[in-house]
Structures are given as C-alpha cells and as structure tokens.
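Just so it is clear, none of the values below were taken in a lab; they were calculated from the coordinates. Here the structure is a predicted model, which means the values were calculated and not measured. As a convention, Cβ positions derive from the backbone with ideal geometry for all residues, glycine included, and neighbour counts pool all protein chains shown.
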C-alpha cells in the first residue's frame, strides 16, 4: 500500500515537470553511502601499517566494547 502512495514532494515535483523529487529518504540513503565510504577510508588510514598487529588491536577493541556494554547494562557474557 505504501508503494502506491505518492509523497507530497514527488507530486509537487511532477507538477513542476521535474523527473525526480528530492525525497528525504533518497537523500538520506545517498548520504549514508557517502558516510560509509568515508568511514571505510578513515578505518584504513587508522590501521595502515598495522598488518601484524590488527588481530591484537581488534581483540583490545572488542574487549573495550564488552567492558562498555557491561557498564551500560548490555551484558554479552564474559570477555
């Protein structure tokens, strides 16, 4: 049913003769993709040169995450 409904912006865009509307959903999806790409780039820059140490770094980060989770009451079991 939802797919049949047209948003007000899409209707307004159609009335203006525009091919597409700038729906927040589409804009949000595009922004999310851009953020994910940038985040991956930051992750790669952060661990560059840590080839042998990546496993150790991951274990430390997982332990920190577990400690924080337990402190917030989100116990995932022993770490």
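The table below lists the values:
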{"quantity": "For the range 23-74, the spread of Cα positions along each principal axis, largest first, Å", "calculated": "42, 35, 10"}
{"quantity": "Two-site label geometry, residue 50 and residue 74: point separation in nm, points 7 Å out along Cα→Cβ", "calculated": "2.0 nm"}
